[in-house]
Amino acid sequence: MAKALRHIPAVKILGLLGGVGALLVFTFAVFLFSLSRDLPKPESVQDRLQLPSIQILDRNGLLLYEDLGGASVRHRPLSYKDFPPCIIQATVATEDRSFFTNPGFDLKALLRAAWINLRGGRVLVGGSTITQQVVRNLLMNEEESTERTLRRKVREIILAWRLSRYLSKQEILALYLNQTYYGSFAYGVEAAAQTYFGKSVSELSLAECALIAGLPQAPALYNPFINPEKALERQKVVLERLYRSGFISLEQKQQAEAEKLLFAEQPFPMEAPHFVMLVRNTFDRLESQGLIPKEARSKNLIIRTTLDLHWQKIAEKSVGDHLQRLARGRDGLGHNVRNAALVAIDPWSGAVLAMVGSPDYHDQRNFGAINMALVPRQPGSALKPFIYALAMDPSSPNPLSAASVINDVRTAFLTRDGKTYIPVNYDGKEHGRVTVREALASSLNIPAVIVLERVGLERFAAFMRTLGIQSLDSPEHYDLTIALGGGGVRLLELTSAYGVFATNGLLASPYWIDSITDAEGGVYYQASPHIQKVLDERVAWLISDILSDDRARYLGFGKNSILNLDRPAAVKTGTTTDFHDNWTVGYTPSLVVGVWVGNANYEPMIEVTGLSGAAPIWHQFLRAVLANQPIENFVQPPGLVRQTLCKTNAAFGQPCLEWVTEWFIPNTAPQPTLPLTSSAHATSSQVHFMVLSPLQNGVYLLPPHAIQTPPKLLIEVSSRSSLTHFQVFVNGEYLATLEASSPTTWWTMREGEHLLRIEGWRDQRLVEQHTIKFSVRAPLR
């Protein structure tokens, strides 16, 4: 072959190569012509600049917020000279470093992107310039702009080159900065500056410019109201590119990274602002996932939500009223509480009916724009009902019942790292033998940890994920302290999870957008509630019965506490030991409400308990929204039996000191203890009275000030029979005679082991007596 070529004149070889080259040029020219013959004209870019309004309505059609579109102040286009240098530089450094010198496309960036995509086996980067993005958003139709083909890329490059010849660089950049979407319905940097920082773009700092410039790549992901951590990560990327591009010094970069950003109010009136921001971010996500066609934005959209604006006003007032009371305090010094959040959900559908993310959305000093209903915080004891629900599941081996007895005494546990963990009850006391009903209703800590160890961390974590608690990701990250709130949960998720008890085991995933339509009646999105069975209906009812039992709450909260409503309601509180977080989550058969109280910056509150923090807000809101509504009872499902048994497991031939009557799932009840009584003390097997305080085998600690002020122990009797009076003896010594109408007295505490005997009399006849062993110990040091 080589010899043959040596005999061909050089002129012929050059002619042959020239012919091939000409053919390739001609073919390429035909290819370009075929791709460019139906391209839109650059001057038509002005036809795509108007944006429609979007109305966000409550469930009854009341306006929560309206985005007025391109004609409003929020979308006011600015001239190039009105953009501050920091937003121009941040945009160029992030999106197109060669913008001011390239002809509309960057060949080097295209080749680099092609190489990365080739190595990755899929499209990873695009290599598009600012001009190409303007072309794609304003000149190409929706179908073509979303294609990932060579044809679309070449047509985009041709259009970008033509637009660069038609408009100046300043005009093209102004188009980008005015028309690009920055999330939360904000088109253009001016709208973005007003949305996220409550000021004009001309007033933005370098740090604020960097955050905004990083949003267009993924507006929903980097939304600082919803994902502040992601937004700050993206901001640091922009600042790094500014520094590497030579726009800022290292010192300026470091100062901007250290600047504390204050997210501010919306410039236009907005009802339920935290809820509206959640709706806006969800709309962005639905659109980015393709569930809402992008052409829908060209319509006059109406987003109907699940929120009840009337209830929302009540929720906001409930939060504001109680925070004012906490700010004053009884001594006028206050309790250092500045934030609170409330979520109300229909447990049968999952519809969010009210959401307060902070007492004042516009309060920059106290981080009011942050939605505390979405921020993970430690739940204290609020997870205990789920621990007991797992332990009572009849499909589990050796399930507990509401009457199962647990020893509430000092118990040591080993954590994952081999350290000793000794839980302590909130009141610092040990209460001896308590039933599951008493332990859960009174929120005793020691029994909860005992039950969690029985259930297992892996099973508990899996159950919480099933209920939608996503923040408790892996059991390897926690230990038994999770029973008392050792992990972070979101108020929205926790409130939704409690709904499973109200519905007898059905879990409805929370949602807040009901439908998205246009003014002509076109439907773009319609919510479909997601409901699944996750818990035995009998277990769910038992948990509700326990949490609504005021008598069972007596140990922890006393009688007739703020947790009581004028109707059946199950409720649980939670308080962290360092007073950073306080919770109350409770429900009726048709409404579940969760409240969190604390400080967004994690400052500790001062002496805020489960009853004084979140509970009054919960109580006020429920009383208000349910006023004049019919009273509902928790409907008991079939498959439960009622049985009376001896709590103290009396030995044969000895009288039972305490009887309990309880509901059981078949095959979970202990073997019944027959009523055994002494003929000298009683005439029948009927239980005529119970000793409420002190508890059998209870352990009571003297307070540190016992020497100066001798403490007293409450002695209280409960009777539903016709007894007329009671005689009380302590250690064989007479203490008091109690009338049946007011069977309480007090005993001055002394350290040591003690025996209480109470005799129940009907006139001159001794009917029954109970003996209680208890001890008083020195205060903890």
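With the whole protein complex present, Ser443 retains an accessible surface near 20 Å², based on a 1.4 Å probe. Evaluated at q = 0.18 Å⁻¹, the base-10 log of the normalised Debye intensity for segment 502-552, with identical point scatterers placed on the Cα atoms, takes the values -0.69. For segment 311-450, the fraction of 1.4 Å probe accessible surface lying on carbon and sulfur atoms is 52 percent. Calculation over all alpha carbon pairs of segment 364-503 in 10 angstrom steps from 0 returns a P(r) of 11, 40, 34, 11, 3, 0 percent.
Take peptides 233-242, 131-140, 745-754 and line them up by average Cβ neighbours within 10 Å, highest first, as a rough protection proxy.
Numbers: 233-242: 20.4, 131-140: 23.1, 745-754: 14.3.
Highest mean packing first, the order is 131-140, 233-242, 745-754.
Expressed per residue, the C-alpha convex hull volume of segment 296-357 stands at 120 Å³. Summarised as an ellipsoid, segment 423-465 has semi-axes of 22, 10, 9 Å, derived from the eigenvalues of the Cα gyration tensor scaled by 5 and square-rooted, with the largest first.
Going by average Cβ density within 10 Å per residue, which order do the peptides 572-579, 729-736, 591-598, 333-340 take, highest to lowest?
For the peptides 572-579, 729-736, 591-598, 333-340, the packing ranking is 591-598, 572-579, 333-340, 729-736.
Computed packing ranks the peptides 489-496, 524-531 as 489-496, 524-531, most packed first, by mean other Cβ atoms within 10 Å. Short to long, the 5 Å bins of the Cα pair-distance histogram for segment 574-620 hold 5, 25, 30, 19, 12, 5, 3, 0 percent of all pairs. Taking a straight line from the alpha carbon of Lys712, these lysines sit under 28 Å away, with near neighbours fewer than eight places off in the same chain left out: Lys429, Lys559, Lys647, Lys773. The alpha carbons of segment 503-638 stretch over 57, 47, 32 Å along the principal axes, in descending order.
Taking each pair of different alpha-carbon atoms in segment 432-589 once, compute 1/r for the pair, average those values, and report the inverse of that mean as the Kirkwood hydrodynamic radius in Å to one decimal.
Averaging 1/r across every pair of different Cα atoms and inverting gives 17.4 Å.
Take the convex hull of the alpha carbons in segment 222-265; its mean projected area over all directions comes to 3.3 nm².
Hey, any idea what % of segment 480-608's accessible area is carbon plus sulfur with a 1.4 Å probe?
Details: 1990 of 4100 Å².
Summing carbon and sulfur atoms, their accessible area is 49 percent of the total for segment 480-608.
Convex hull volume of the C-alpha atoms in segment 524-575, normalised per residue: 166 Å³.
Lys-Lys pairs in segment 203-326 that are eight or more residues apart or on separate chains and whose Cα atoms lie under 23 Å of each other come to 4. Restricting the calculation to Cα atoms, every distinct pair contributes to the Kirkwood radius of segment 260-376, found to be 16.1 Å. With all protein chains kept in place, the per residue accessible area of segment 287-353 amounts to 45 square angstrom at a probe of 1.4 angstrom. Rolling a 1.4 angstrom probe over segment 194-278 with all protein chains present gives an accessible area of which 49% lies on carbon and sulfur atoms. Average 1/r across all pairs of distinct alpha carbons in segment 302-456, invert it, and you get the Kirkwood radius: 19.0 Å. Stokes-Einstein diffusion of segment 351-397 at 4 °C, 1.567 mPa s viscosity, Kirkwood radius from Cα pairs, rounded to a whole number: 94 µm²/s.
Assuming charge only on the beta carbon of Lys and Arg (+1) and of Asp and Glu (-1), the dipole of segment 168-262 about its Cα centre is about 180 debye to the nearest 20. Taking other residues whose beta carbon is less than 11 angstrom from the beta carbon of Ile302, and scoring Lys, Arg as +1 and Asp, Glu as -1, yields -2. Size of segment 311-395 from its Cα atoms: along the principal axes, largest to smallest, the extents are 52, 31, 21 Å. The share of Cα pairs per 10 Å bin across segment 195-247, counted from zero up to the longest distance, runs 26, 54, 20, 0 percent.
The values are calculated or read from the model by the stated rules, or taken from the named source; none is laboratory data. All values reported here derive from a predicted model rather than from experimental measurement. Cβ: placed from backbone, ideal geometry, glycine included. Neighbour counts: every protein chain shown. All accessible areas refer to the heavy atoms of the entire protein, side chains included, with ligands and DNA or RNA removed. Shrake-Rupley method; radii C 1.70, N 1.55, O 1.52, S 1.80 Å.
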